Amino acid sequence: MVTPAVTKEIPKEVPKEIHEEIKKVILKANVPIGLPKKTSQFSISAALEKSEEEPEIIIDSAKKEKLPSSHFSETDLKNEWQKFLQELQQKDILIYNAINSFKLHKKNENIVEVTYPSESAKVEFDKIRTEFFNHFMHIVNNYNITIEYRADISMKKEIITKRKIFDKFAEINPVLKELDDLFKLDFN
């Protein structure tokens with residue numbers, strides 16, 4: 001990049017026409033040549049900025065009615081869900097642990113209600129939802145199934161430690177709390 005000090009270094013004995021040409025060249029040199037910077041496909045910042053949402057495909061209701069819609073029972077749904085969970089346990093134990101407490105219920109002829117304990121578990125379920133329901137629709141020959149979600153906080157599994165058990169008993173009997181303060185009990 002040319003600095004303004006370069007323009008002062010032009011000798012005065014140079015004719016004005018050449019002096020103007022030199023100024024034009026210097027001004028052109030200040031303008032960057034080339035295209036604007038593109039991000040690389042391996043760029044971490046571009047990957048972080050990119051949204052990972054996939055557009056959902058909306059099937060026209062006229063086309064959807066033409067698809068087969070055979071009857072399936074609650075037992076069919078639960079059996080296939082258990083088989084799917086067993087296969088998932090072998091493939092991906094993390095997702096299995098997140099979604100094994102989910103309950104699937106047949107709410108209506110073509111509506112399946114999925115009951116989940118937390119939003120983070122639902123995110124994990126969304127990763128495998130299409131895989132399960134595509135397989136299930138093929139098995140029961142019903143391609144008009146819709147999914148409804150319902151959160152149920154009572155389904156959350158809580159790890160009960162000895163400290164939590166003690167705290168529950170201490171709520172019932174305050175003398176235990178005094179003993180804990182006096183003897184500094186260790187429940188690890």
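Each value in this text was obtained by applying a stated rule to the coordinates, not by laboratory testing. All figures in this text were calculated on a predicted structure; none of them were measured in a lab. Note that we place each Cβ from the backbone using ideal geometry, even for glycine, and neighbour counts take in every protein chain shown.
At-a-glance table
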| item | result |
| --- | --- |
| Listed residue pairs exceeding 24 Å between alpha carbons, taken from LYS83/LYS156; LYS78/LYS168; LYS106/LYS127; LYS127/LYS164 | LYS78/LYS168; LYS127/LYS164 |
| Cα centre as origin, Lys/Arg/Asp/Glu Cβ charges: segment 102-181 dipole, Debye | 200 |
| Chymotrypsin sites (Phe, Trp or Tyr not before Pro) within segment 104-188: DSSP coil, no more than 14 neighbouring Cβ in 10 Å | PHE187 |
